[in-house]
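Undergrad: I have a structure I would like to understand better, so I am pasting it below and will then ask my questions one at a time.
The values are calculated or read from the model by the stated rules, or taken from the named source; none is laboratory data. None of these values were measured; they are calculated from a predicted model. All Cβ positions, glycine included, derive from the backbone under ideal geometry; neighbour counts span all protein chains shown. Accessible surface areas use protein heavy atoms only, side chains included; no ligands, DNA or RNA. Shrake-Rupley method; radii C 1.70, N 1.55, O 1.52, S 1.80 Å.
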Amino acid sequence: MLPMLWPLACGRNEPVPVELPSAHFAVALPGDALVLRRRGEPLLTVPLDDIALGEVAAYEDRRSYDPFWSDDLADGGVTWRRAEAAEPDGDAVHLTFDGGAEATLTLAAVAEGAFTVTLTPDALPAPVAYLRLGAVIDPDEGLYGLGSALDTPNRRGSVRAVQLEVDVATEALSNEAHVHLPFALGTTGWGLLLRDDHPTTFDFATEADDRLEVTVGLGPDAPAGLAFDLYAADHPLDVTQRYWAATGAFALPAPWALGPLVWRDENRDQAQVEDDLRTMRDLDLATSAIWLDRPYASSVNSFDFAPDQFPDPQAMIDLAHDLGFRVALWHTPYVDEDGASAPLHDEALANGWFPPERPPVFIDWGSPVDFSTPEAYGWWQGLVGRYAAMGIEGYKLDYAEEVLVGALGGRIPWTFANGADERTMHAEYQRLYHQVYAETLPESGGFLLVRSGAWGDQVHAPIVWPGDLDATMAAWGEPAVDRGGEAYTSVGGLPASLVDALSLGPSGFPLYGSDTGGYRRSPPDNETFVRWFEQTALSTVMQIGTSTNDVAWEPTAENGFDDDTLAWYRDYTRLHLRLWPYLWTALVDVNQGRGRPIMRPLGLAYPELGEHPGDTYLLGDHLLVAPVVTRGARERAVTFPPGRWIGWFDGVVHEPGTETVPADLGELPLYLAEGGIVPLLRPTIDTLAPVADEGVDSYATDPGVLYVRIFPGPASEAHVFDGTRIAQARDDDGTVTVRHTPGDTFVQGLVLELVGTPEPAAVALDGRPAPADAWSWAPDGGGTLTLRLPSGASATLTP
């Protein structure tokens, strides 16, 4: 036993035996607690006697060791052993637990504001199946992270499972949160990542306002120990960057993947696809890509196109390319044992390319392929290559969630060729599944849309969609009645989708695209569809489709779409496409280690407000978005953060505080910050993808003139991904200056849109009076001055 030189009852004022600083941040062990500090002030404290080992009588194969359900925790089958003495040794501390267990706590500084802590058991007199960490946090801070959520982005006051769980609370029969990762962060500026895939729960201050509790079900793997990271930053929005630096930069998709993208759940045939392509161009609907959902193959994953349905798929793909659409496919990791895929199924079975132990699965297409087998992994990539050779550049990866930790506390046993079972492969399988496809995409990037994920998975799977949400405006858990009069508990529609986006961004998945219009219980009615595309136009990925194949140009008696719907749809899809330079710049910044989550919950962006709504967010640095998610609402309350904000569409200026604003159908409450600079593509843009048809306006053909919308204010500067820089300032006397430094893509100068600007007495370019035809002013937008600025020039507006 370690000598008890440092009993934990000694208090917290002992000399500091261990401290790892990194500039302004440190992890220290000043006595009886592990403390994460920023400039000397504690952000998160783990009392050493709040590190506990959960002993059990014996390891039992029937148990999942899932702490969310485990009978062990409920019936007293676990004896919790707490650390009671510690002995510092360099950058480590030896812990002794009551009952005689011993472990070593090792600290390492890995980067600025990032530390790794490893707990390694040295002696376990009895079997240990669980580990629990308790931490002291600020009692008033908001708590975010863990990946998907549909109820609220702020986790405070809840216990959350970090794995997919069977849950009969809603119609989905699961917690319907498909992306799970053990990464939490607080609005005071701390983050905690468990570097582990075992089933875990986070208790976010349910017992005390200042207590975070994490319980990990390690089962028989407990002797290997556990590692976790602690992150600290000056602003909570910067904590996620620490996570990306530690777990890997997310994969940049192809530029066209930011959409808009359109799909039908069930394409009738090749003629329908080709008609859709032509119709979108004829109706001037900005779109960069499509994908084909099932069924399009002869059978599930036969890696072909059904010849009776698609007699000449290559001609269809070529037509799409000519019109400026890239093409993706729906896919899964199964091989149907019937039909055209039967030979592939028999090949996999003969070679042992399915998991050696697998339960019956709910999918009709059989077991998922075991990608932990290198031969199966390579075989599958070769099959995917058949589509790549035809010009397919992306995939919507569905399902693959049968590998559950368990169900209602019971184990559902799996084993894989790599020796792991479902207790960790529920997460690792997702990484392997996504990696198989990611490695087949073009070097220039592609499109990979996934509905499940794990920590670190962003390096393969950058875009998430939330699965099968309701085609309604119901909140998660809301009682509802369907068209046939049947009552159900909703998994959530538009409000739940928005919460999921605001949960995933800070959790490390920067790109999100829900099914615009919803999926379950489709079709959406007109109001739901309009409100949904208003919101997804101001998101990172705008993908549009429903389970009843609704498209904006096909009104039906059930969906109620009309001419206004199509006109609004045209406007919002083009706005989304025009915002591409703004969104792509933010994405590149994140990828290169200097950016923040792109969709930012208001409560995380402005923690000083003390508000954590699930329906208000910042898109990048300068746009405040407040979608209408309540049925029948034609106005809504908006909390405006510090600074002044101008309406994107109406030019009304708003001061900080909460205000009720009008929001008719088709009208999105959208605001530009004072001093904000938003680069845009030209108003006529149709697609980001290359084209052969000269009538389609493509960024790939000609980036063109860069439009820039500015609400002049205190001095600020913005950059664009190509190196372009725009600086603006409004002096105390009202004089406005704008300066341009050209980049290497947008080389044709700028068109400035200065909103909230009184009509100037004079406009100068590089100190000389601007030609009369170079600028114009209109009272619209609170006063808008439009000015053509030559490349590298500066402009001055004199009041």
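Undergrad: List, please: which pairs have Cβ atoms under 8 Å, are six or more places apart or on different chains, and start with a residue in segment 181-202 that is charged (D, E, K, R) and end with one that is buried (at least 24 other Cβ atoms within 10 Å of the Cβ) and part of a strand (DSSP E or B)?
TA: These pairs meet every condition: Asp196/Pro182; Asp196/Val216.
Undergrad: Go through (1) open to solvent by 40 Å² or more (accessible area, probe 1.4 Å); (2) at negative phi; (3) within 20 Å of the chain's Cα centre (by Cα); (4) not basic (Lys, Arg) and name the single condition Thr658 misses.
TA: (3)
Undergrad: Answer yes or no as to whether Pro523 is touching a residue at least 40 places away in the same chain (Cβ under 8 Å) and open to solvent by less than 10 Å² (accessible area, probe 1.4 Å).
TA: When the stated conditions are applied, Pro523 passes them.
Undergrad: Tell me, please, whether a residue that is under 30 Å from Val590 (Cα atoms), surrounded by 15 or more Cβ atoms within 10 Å (Cβ to Cβ) and in contact with a helix residue (DSSP H, G or I) (Cβ under 6 Å, 6 or more places away or on another chain) can be found in segment 706-726.
TA: Checking segment 706-726: at least one residue is under 30 Å from Val590 (Cα atoms), surrounded by 15 or more Cβ atoms within 10 Å (Cβ to Cβ) and in contact with a helix residue (DSSP H, G or I) (Cβ under 6 Å, 6 or more places away or on another chain).
Undergrad: Here's a follow-up. Please find, among Leu323, Leu283, the residue that is open to solvent by 40 Å² or more (accessible area, probe 1.4 Å), farther than 18 Å from Thr440 by Cβ, modelled with pLDDT of 95 or more and hydrophobic (A, V, I, L, M, F, W, C).
TA: Just a single option satisfies the conditions, and that option is Leu283.
Undergrad: Would you check which residues across segment 616-657 are of a type in the set (Phe, Trp, Tyr), out of contact with any Gly (no Cβ under 7 Å at 6 or more places or on another chain) and not in a loop (DSSP other than H, G, I, E, B) and list them?
TA: Across segment 616-657, the qualifying residues are Tyr617, Trp645.
Undergrad: While we're here: So how many residues does segment 18-35 have that are at negative phi, surrounded by fewer than 18 Cβ atoms within 10 Å (Cβ to Cβ) and either in a loop (DSSP other than H, G, I, E, B) or aromatic (Phe, Trp, Tyr) (or both)?
TA: Residues in segment 18-35 being at negative phi, surrounded by fewer than 18 Cβ atoms within 10 Å (Cβ to Cβ) and either in a loop (DSSP other than H, G, I, E, B) or aromatic (Phe, Trp, Tyr) (or both): 1 in total.
Undergrad: Filter segment 440-470 for residues that are aliphatic (A, V, I, L, M), open to solvent by less than 10 Å² (accessible area, probe 1.4 Å) and not in a loop (DSSP other than H, G, I, E, B) and give the result.
TA: If the condition is that a residue be aliphatic (A, V, I, L, M), open to solvent by less than 10 Å² (accessible area, probe 1.4 Å) and not in a loop (DSSP other than H, G, I, E, B), then Leu448, Leu449, Val450, Ile463, Val464 are the ones that fit.
Undergrad: Out of Thr440, Thr489, I need the residue that is free of Cβ contacts under 8 Å to residues at least 60 places away in the same chain and of a type in the set (S, T, N, Q). Which one?
TA: Step by step, each of Thr440, Thr489 is checked, and only Thr440 is free of Cβ contacts under 8 Å to residues at least 60 places away in the same chain and of a type in the set (S, T, N, Q).
Undergrad: So Leu432 ticks every box in (1) assigned to a loop (DSSP other than H, G, I, E, B); (2) modelled with pLDDT of 95 or more but one. Which box is left unticked?
TA: Of everything listed in (1) assigned to a loop (DSSP other than H, G, I, E, B); (2) modelled with pLDDT of 95 or more, Leu432 misses just condition (1).
Undergrad: Could I ask something else about it? How about segment 712-790: which strands (runs of 3 or more DSSP E) wholly inside it have at least 3 residues that are more than 33 Å from the chain's Cα centre (by Cα) and under 25 Å from Leu583 (Cβ atoms)?
TA: The strands (runs of 3 or more DSSP E) meeting that bar are 784-789.
Undergrad: Just one of the numbered conditions (1) open to solvent by less than 10 Å² (accessible area, probe 1.4 Å); (2) part of a helix (DSSP H, G or I); (3) within 30 Å of Gly620 (Cα to Cα); (4) in contact with a strand residue (DSSP E or B) (Cβ under 6 Å, 6 or more places away or on another chain) is not true of Leu212; which one?
TA: Here Leu212 meets the rest and fails (2).
Undergrad: Across segment 515-541, which residue is farthest from Asp238 (Cα to Cα) among those that are in contact with a Leu (Cβ under 7 Å, 6 or more places away or on another chain) and in a loop (DSSP other than H, G, I, E, B)?
TA: Looking at the filtered set, the residue picked out is Tyr519.
Undergrad: Sticking with this structure for a sec: Identify all residues within segment 754-787 that are in contact (Cβ under 8 Å) with a residue 60 or more places away in the chain and either open to solvent by 40 Å² or more (accessible area, probe 1.4 Å) or not hydrophobic (A, V, I, L, M, F, W, C) (or both); write none if there are none.
TA: Selection gives Gly756, Asp780, Gly781, Gly782, Gly783, Thr784.
Undergrad: Which of the residues that make up segment 122-165 are within 29 Å of Asp91 (Cα to Cα), in a loop (DSSP other than H, G, I, E, B) and either among the hydrophobic types (A, V, I, L, M, F, W, C) or in contact (Cβ under 8 Å) with a residue 60 or more places away in the chain (or both)?
TA: Those that are within 29 Å of Asp91 (Cα to Cα), in a loop (DSSP other than H, G, I, E, B) and either among the hydrophobic types (A, V, I, L, M, F, W, C) or in contact (Cβ under 8 Å) with a residue 60 or more places away in the chain (or both): Leu124, Ala126, Pro127, Ile137, Asp138.
Undergrad: Checking Gln241 against (1) under 17 Å from the mean Cα position of the chain (by Cα); (2) open to solvent by 40 Å² or more (accessible area, probe 1.4 Å); (3) polar (S, T, N, Q), only one condition comes out false. Which one?
TA: Of everything listed in (1) under 17 Å from the mean Cα position of the chain (by Cα); (2) open to solvent by 40 Å² or more (accessible area, probe 1.4 Å); (3) polar (S, T, N, Q), Gln241 misses just condition (2).
Undergrad: Given the residues Asn549, Asn559, which is the only one that is part of a loop (DSSP other than H, G, I, E, B), in contact with a strand residue (DSSP E or B) (Cβ under 9 Å, 6 or more places away or on another chain) and not charged (D, E, K, R)?
TA: Working: Asn559 fails: in contact with a strand residue (DSSP E or B) (Cβ under 9 Å, 6 or more places away or on another chain).
The conditions single out Asn549.
Undergrad: With respect to Val747, is the statement that it is at pLDDT 95 or above and more than 20 Å from Trp584 (Cα to Cα) true?
TA: Considered against the rule, which asks whether it is at pLDDT 95 or above and more than 20 Å from Trp584 (Cα to Cα), Val747 comes out as no.
Condition check ((1) over 21 Å from the mean Cα position of the chain (by Cα); (2) among the basic types (Lys, Arg)) across all residues:
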| site | (1), (2) |
| --- | --- |
| Gly419 | yes, no |
| Arg423 | yes, yes |
| Arg431 | no, yes |
| His434 | no, no |
| Ala438 | no, no |
| Leu441 | no, no |
| Gly445 | no, no |
| Ala454 | no, no |
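Undergrad: Can you tell me which of Tyr433, Tyr387, Tyr429 is hydroxyl-bearing (Ser, Thr, Tyr) and surrounded by fewer than 24 Cβ atoms within 10 Å (Cβ to Cβ)?
TA: Criteria check complete, one pass: Tyr387.
Undergrad: So which residues in segment 581-615 are in a loop (DSSP other than H, G, I, E, B) and over 16 Å from the mean Cα position of the chain (by Cα)?
TA: Going through segment 581-615, the residues in a loop (DSSP other than H, G, I, E, B) turn out to be 592-598, 606, 610-615.
Those that are in a loop (DSSP other than H, G, I, E, B) and over 16 Å from the mean Cα position of the chain (by Cα): Gln592, Gly593, Arg594, Tyr606, Gly610, Glu611, His612, Pro613.
Undergrad: Taking the condition of being hydroxyl-bearing (Ser, Thr, Tyr), in contact (Cβ under 8 Å) with a residue 40 or more places away in the chain and closer than 18 Å to Asp470 by Cα, how many residues in segment 502-518 meet it?
TA: 2
Undergrad: May I pose another question? Check whether at least one residue in segment 399-411 is charged (D, E, K, R), open to solvent by less than 30 Å² (accessible area, probe 1.4 Å), over 19 Å from Phe354 (Cβ atoms) and not in a loop (DSSP other than H, G, I, E, B), and report yes or no.
TA: No, segment 399-411 contains no residue that is charged (D, E, K, R), open to solvent by less than 30 Å² (accessible area, probe 1.4 Å), over 19 Å from Phe354 (Cβ atoms) and not in a loop (DSSP other than H, G, I, E, B).
Undergrad: On the basis of being among the basic types (Lys, Arg), touching a strand residue (DSSP E or B) at 6+ places or on another chain (Cβ under 9 Å) and crowded, with 24+ Cβ neighbours inside 10 Å, does Arg195 make the cut?
TA: For Arg195, the condition - among the basic types (Lys, Arg), touching a strand residue (DSSP E or B) at 6+ places or on another chain (Cβ under 9 Å) and crowded, with 24+ Cβ neighbours inside 10 Å - is not met.
Undergrad: Can you tell me how many residues within segment 476-507 are at pLDDT below 95 and of a type in the set (A, V, I, L, M)?
TA: Count: 4.
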